[in-house]
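Engineer: Provided herewith is a single structure, encoded as structure tokens, for subsequent inquiry.
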Amino acid sequence: MPSCKVCGIDIPEPGLCAECKEERAAARKKPGKTPRLKPNTRFLLVIAACTALVIAGIIIIIALLPSSSLPTSGQPPGQTPGMEQGLDDSPAAGAETGTEDTGPASTDISAASSAGSQEQAATDQGTDNNAPVAYDITQIQDQAPIDNKENYVKWMLAHTKENEASLSLRWERAQIIIRAGYGEFADKNALRAYLLTPRERFTRGQDLFLTYGDRPLQIGYGQTITAPNVMAMMTTSLKVEPQHKVLEIGTGSGYQAAVLARLTNHVYTIEIIEGLYKETDKLFKNLESDYPVYKNIHRKLDDGYYGWQEYAPFDRIIVTCSIDHLPAPLIKQLKVGGLIVVPLGPPYRQFLMSIEKVKSEDGKIKLVPKDVYDGLGVIFVPFTDSEGKSYSGE
């Protein structure tokens, strides 16, 4: 005869006796008792919970990202682009409207500073190793009038092959940037250099109104031409003088180098993308007959991270791609008293920094950084190596 599985007494059928069945039923009804879930049910609940967490994470990331998710050259996040069919004449046009931040806390200049203090050598003293000057800009720097639009346009029509429409748009964009009040054209020489440079020749056939809108523009190869207001701030911050030797990292469209060629006889620029380098090199050669100052732009296809040792040291260095630290080779090739202007920070947001290399009283080399946009962020294309990999850690 079968016995109860709990108490062991004899019962007519296998299983539990009547008393054990009643006790088990009562135990199941006690408060606080949680029934066990079937394995399939538990698995589905775990999947649902994980999915909810992933979705929540994506929502948080999107909320924290800048308004533009595409990496562009020199476009402040949160900025409203100019009108596609004309210029935006509002007083704040071209101004950054992104969130103000306390500064580039995540960037790293300490390693480069340490390297600079250990490399006090002949490069800091400077040597006469400039490339030959093909065209002396000091003979023409002050000729173009910039006191009013009528005089400017009249002079340009008489001395260049440019048309009135592009000259008018160029002038108006400059006035909008000036009215915005961020100090982009605080340096009158930088303003004159901008007004003398035909931006439309470097935008790869873009519509004229788009060319002089305050936005970066695609030029192929995943690269862009910097927006006019950011270009103006970078140029002004460099404080270039005619005798200065300037190194640009990231030739790109060639526009920034063309502006610099109006400020100094010594411009050196490096591009790492071969196709883009060849296009821009050909463009400069075609423009040299009309703009002989471009003969002073020395170009090189190479990795800009390591600078251009052959012509070092440089008085000024401008980096037109983003990176989260200062490359030690560039700091080494910068003269004491020199400036480097660079968009410094992680890929999704940078700060436009002007960094001076100075020697303290005890003989040590120090880097003195300044955020030229007072905490307003910018977004540039990344600083990459020959394989297209970003030099930034993120």
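Just so it is clear, none of the values below were taken in a lab; they were calculated from the coordinates. All figures in this text were calculated on a predicted structure; none of them were measured in a lab. Backbone-built Cβ (ideal geometry, glycine too); neighbour counts: all protein chains shown.
Engineer: So for 271, 150, 288, fewest C-beta neighbours within 10 Å to most, what's the order? Before the final figure, lay out the partial values.
Structural biologist: Details: 271 28, 150 10, 288 16.
Final ranking by Cβ density, sparse to dense: 150, 288, 271.
Engineer: Please compute the net charge surrounding residue 317, taking Lys and Arg as +1 and Asp and Glu as -1 over other residues with Cβ under 13 Å from its Cβ. Show your work: numbers first, answer last.
Structural biologist: Values: positive: 239, 245, 316, 332, 335, 357; negative: 248, 315, 356.
In short, +3.
Engineer: Enumerate the calculated ³J(HN,Hα) couplings along region 148-156 in order (Karplus 6.51 cos²θ - 1.76 cosθ + 1.60, θ = phi - 60°), each rounded to whole Hz, writing x wherever the residue is Gly or Pro.
Structural biologist: Computed from phi, the couplings for region 148-156 are 7, 5, 4, 5, 5, 4, 4, 5, 5 Hz.
Engineer: Report, in whole Å, the centroid distance computed from the Cα atoms of region 322-394 and region 272-287.
Structural biologist: Comparing the Cα centres of region 322-394 and region 272-287, I get a distance of 26 Å.
Engineer: Report the antiparallel proportion of the DSSP beta bridges in region 110-378 as a percent, rounded to a multiple of 5. It would help to have the intermediate numbers written out before the result.
Structural biologist: On the way: 18 of 37 bridges.
Percentage antiparallel, nearest 5: 50.
Engineer: Still on this structure, please answer the following. Could you give the nm distance between label points at residue 188 and residue 368, where each point is 7 Å from its Cα heading toward the beta carbon?
Structural biologist: Label at residue 188, label at residue 368, 2.6 nm between them.
Engineer: Calculate the FRET efficiency for residue 129 and residue 361 from the Cβ-Cβ distance with a Förster distance of 30 Å, rounded to the nearest 0.05. Can you show the working numbers first?
Structural biologist: Values: r = 29 Å, r/R0 = 0.98.
Working from the Cβ atoms, E equals 0.55.
Engineer: Continuing with this model, one more query. Picking from 312, 322, 191, whose Cα lies most toward the positive end of the charge dipole for region 110-378 (charges on Cβ: Lys, Arg +1; Asp, Glu -1)?
Structural biologist: Of the options given, the answer is 191.
Engineer: How large is the direction-averaged shadow of the alpha-carbon convex hull of region 110-378, in nm²?
Structural biologist: On the way: hull surface 55.4 nm².
About 13.9 nm², averaged over all directions.
Engineer: Give me, ordered by chain and number, the residues 5 or more places off residue 219 or on other chains with an amide H under 5 Å from its own placed amide H.
Structural biologist: 224, 225
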